[in-house]
Amino acid sequence: MLRGAYGPYRANNDLLYYHLDIRVDPEKQLISGKNTIRFRMLKDGTRIQLDLRETLQIDKILYGATPLKYERDTSAVFVDFPQTLRAGQVYSIDFYYSGHPEETGRFGGMTFKKDPAGRIWINTACEGTGASMWWPNKDQWRDEVENMDISVAIPNGLVDVSNGKFVGKADLGDGYTRWDWHVHYPINNYDVSLNIGSYVHFSDQLGDQQLDFYVLPEDLEKAKIQFAQARGMLEAYQHYFGEYPFVKDGYKLIEAPYLGMEHQSAVTYGNLFKNGYLGRDWTGVGISLRFDFIIIHESGHEWFGNSITAADPSDMWIHEGWTTYLESLYVEYRWGKDDAIKYVNSYKPKVKNLRPIVVERGVNAEPNQDQYFKGTLMINTLRSVVNDDAKWWALLHDFYQHFKYQNIMTEDVVAYFNQHTGMNLTPIFNQYLRHTQIPRLELLFGEAPGLVMYKWRADEDNFDLPVRVGTPGQWQIIHPTTQWQWMKTPLTKEQFQVATDLYYVDVNKQ
Ligand SMILES: [Zn+2]
């Protein structure tokens with residue numbers, strides 16, 4: 001609850017800046033250093049809440065030269081100031097810590113590994129687990145710093161690749177070298193990352209944008225071939241949404257010992273330099289093997305997840321539903337609409353429909369996997385409701401541009417779509433995101449010859465989704481509601497079809 005809630009000691013301040021300045025000792029598997037945290041008070045107060053996992057030690061917290069008192073409660077750290085901090089004023093503290101981060105979570109959190117050649121390989125990936133498992137910060141999604149510095153001291157000869165623009169490196173004279181990176185944009189905590197290893201670097205260029213790649217030496221030749229896809233990925237996404245969001249930080253792909261993660265401007269990659277998902281056609285319709293899933297998916301998060309971020313993990317479909325939809329946009333840009341629709345629909349078998357997508361807020365709860373596939377199928381359904389591709393592309397572009405660099409909730413998405421389509425799409429969003437079942441079109445034949453009755457069965461009382469029915473190629477749009485209506489048709493029950501590739505709906509013919 002302390003982790004998930006945006007409690008009073010989080011809400012009383014607004015993050016401005018972090019300088020994470022640490023030393024990583026690979027031999028002792030030890031991390032130590034400080035995070036300088038600058039924030040503006042929004043209300044008068046004497047206490048703020050930060051976070052650091054209990055496995056790590058707090059060495060001291062300084063306000064100027066004054067040591068501050070603090071209280072730890074599980075992974076929350078309540079920091080107390082001797083005088084009242086005033087609303088509107090900016091304050092800065094230095095939070096010193098050290099310890100052995102534990103390996104935990106889906107991606108390992110922070111891992112001290114060896115690469116296949118037996119060299120040091122240290123990486124972080126902590127989405128879900130939370131960044132406070134390896135560094136002190138305000139560990140939540142709503143508030144982000146405006147920019148950040150990352151300084152990482154590591155033994156000479158190793159390379160650290162973190163987020164942002166490489167500023168330089170300095171030999172510290174004690175066998176360690178400090179690598180400095182500057183992030184010019186807001187960044188969510190879980191995106192901040194270390195990648196320490198024997199990396200070699202190469203680059204590519206798209207217009208003015210340099211693309212930087214860091215891989216293990218023995219993978220260089222494979223990577224030069226595989227990572228050429230990054231350019232095409234950027235071209236496709238820029239076509240639909242506008243400029244790459246982190247131009248000043250650059251775009252980077254970094255080899256890592258896990259499948260991949262959307263670390264902002266420093267996407268990590270572990271997809272074996274093969275197309276598909278670990279070399280597999282994971283959607284099973286012959287399209288996935290045309291591209292590298294991790295390059296296309298994780299980089300899509302630069303637009304949805306990193307630039308536009310959900311303000312609570314409960315609404316994480318804004319990251320995953322949209323980014324999965326971006327995969328289909330990449331397919332459409334490269335191979336056309338028919339393949340894109342086929343690709344979107346290939347996700348249907350992965351949808352479980354066991355629980356709603358949007359989960360409880362304020363408790364650090366994460367939605368289930370339906371947020372990816374059902375989220376995408378919902379967006380594809382909305383395209384058919386808008387029923388005008390030129391309008392649809394403008395809507396997507398403007399929606400992204402409107403919310404870029406912001407932290408938003410589902411309500412913001414729905415309000416934007418309603419306002420800019422002039423339609424009431426709320427019942428559609430609600431049905432797919434806040435209920436378990438998808439809408440079912442009830443079709444009743446045989447009451448009278450040449451006639452079909454129709455209505456939606458849905459949880460939303462006002463559910464209303466125009467849908468194409470009849471014969472493929474000569475579809476007719478009807479406007480079913482949750483009340484029975486009827487239409488004339490020359491088609492029999494067997495002949496009468498519904499465009500279920502364009503709308504994610506069930507159909508029940510009787
Ligand atoms: Zn994703």
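So if I check each of G260, G300, G286, which one is out of contact with any Asp or Glu (no Cβ under 7 Å at 6 or more places or on another chain), among the small types (G, A, S) and either under 26 Å from S346 (Cα atoms) or surrounded by fewer than 24 Cβ atoms within 10 Å (Cβ to Cβ) (or both)? First the steps, then the outcome.
Numbers: G260 fails: out of contact with any Asp or Glu (no Cβ under 7 Å at 6 or more places or on another chain); G300 fails: out of contact with any Asp or Glu (no Cβ under 7 Å at 6 or more places or on another chain).
Answer to the selection: G286.
Sort out which residues of segment 130-150 are buried (at least 21 other Cβ atoms within 10 Å of the Cβ) and polar (S, T, N, Q), and write them in order of number.
S132, N137, Q140
Which ones in segment 442-476 are of a type in the set (D, E), out of contact with any Ser or Thr (no Cβ under 9 Å at 6 or more places or on another chain) and in a loop (DSSP other than H, G, I, E, B)? If you could, list the steps in order and put the result at the bottom.
As a first pass, look at segment 442-476 and keep what is of a type in the set (D, E): 442, 447, 459-461, 464.
Now restrict to residues that are out of contact with any Ser or Thr (no Cβ under 9 Å at 6 or more places or on another chain): 442, 447.
Within segment 442-476, just E447 meets the criteria.
Kindly evaluate V413 against the criterion of being away from the ligand (no atom under 16 Å from the Cβ), under 30 Å from A11 (Cβ atoms), in contact (Cβ under 8 Å) with a residue 60 or more places away in the chain and part of a loop (DSSP other than H, G, I, E, B). Steps first, please.
Details: away from the ligand (no atom under 16 Å from the Cβ): yes; under 30 Å from A11 (Cβ atoms): yes; in contact (Cβ under 8 Å) with a residue 60 or more places away in the chain: yes; part of a loop (DSSP other than H, G, I, E, B): no.
Against the criterion (away from the ligand (no atom under 16 Å from the Cβ), under 30 Å from A11 (Cβ atoms), in contact (Cβ under 8 Å) with a residue 60 or more places away in the chain and part of a loop (DSSP other than H, G, I, E, B)), V413 does not qualify.
Can you pull out every residue in segment 277-290 that is in a loop (DSSP other than H, G, I, E, B), of a type in the set (A, V, I, L, M, F, W, C) and more than 14 Å from the ligand (Cβ to nearest atom)?
The first filter runs over segment 277-290 and keeps only residues in a loop (DSSP other than H, G, I, E, B), leaving 278-279, 281-287.
Add one more test, that the residue is of a type in the set (A, V, I, L, M, F, W, C), and what stays is 278, 282, 285, 287.
L278, V285, I287, listed by residue number.
Restricting the search to segment 360-391, which residues are buried (at least 18 other Cβ atoms within 10 Å of the Cβ) and within 30 Å of S132 (Cα to Cα)?
The answer is N364, P367, D370, Q371, Y372, F373, G375.
So which residues in segment 418-434 are hydroxyl-bearing (S, T, Y) and surrounded by 19 or more Cβ atoms within 10 Å (Cβ to Cβ), if there are any at all? Give the derivation first.
From segment 418-434, those hydroxyl-bearing (S, T, Y) are 421, 426, 432; that's our starting set.
The one that is hydroxyl-bearing (S, T, Y) and surrounded by 19 or more Cβ atoms within 10 Å (Cβ to Cβ): Y432.
If a residue must be under 29 Å from the mean Cα position of the chain (by Cα) and surrounded by fewer than 17 Cβ atoms within 10 Å (Cβ to Cβ), how many such residues does segment 54-72 contain? First the steps, then the outcome.
Filtering segment 54-72 for residues under 29 Å from the mean Cα position of the chain (by Cα) gives 54-56.
Next, only the ones that are surrounded by fewer than 17 Cβ atoms within 10 Å (Cβ to Cβ) stay: 54-55.
Matching residues across segment 54-72 total 2.
Among the listed residues K222, K248, K252, which satisfies the condition of being surrounded by fewer than 22 Cβ atoms within 10 Å (Cβ to Cβ), within 17 Å of F166 (Cβ to Cβ) and either modelled with pLDDT of 95 or more or in contact with an Asp or Glu (Cβ under 7 Å, 6 or more places away or on another chain) (or both)?
Numbers: K222 fails: within 17 Å of F166 (Cβ to Cβ); K252 fails: surrounded by fewer than 22 Cβ atoms within 10 Å (Cβ to Cβ).
Exactly one residue qualifies, and that residue is K248.
Give, as residue ranges, the helices (runs of 4 or more DSSP H) completely inside segment 291-398 that count at least 3 residues that are β-branched (V, I, T), more than 14 Å from the ligand (Cβ to nearest atom) and touching a residue at least 40 places away in the same chain (Cβ under 8 Å).
Details: elements: 293-300, 317-335, 337-345, 370-386.
Counting at least 3 such residues, we get 370-386.
Of the numbered conditions (1) at pLDDT below 95; (2) closer than 19 Å to Y504 by Cβ, E460 fails exactly one; give the number of that condition.
The failed condition is (1).
The values are calculated or read from the model by the stated rules, or taken from the named source; none is laboratory data. What you are looking at is a predicted structure, and each value in this text was computed from that prediction instead of being measured. All Cβ positions, glycine included, derive from the backbone under ideal geometry; neighbour counts span all protein chains shown.
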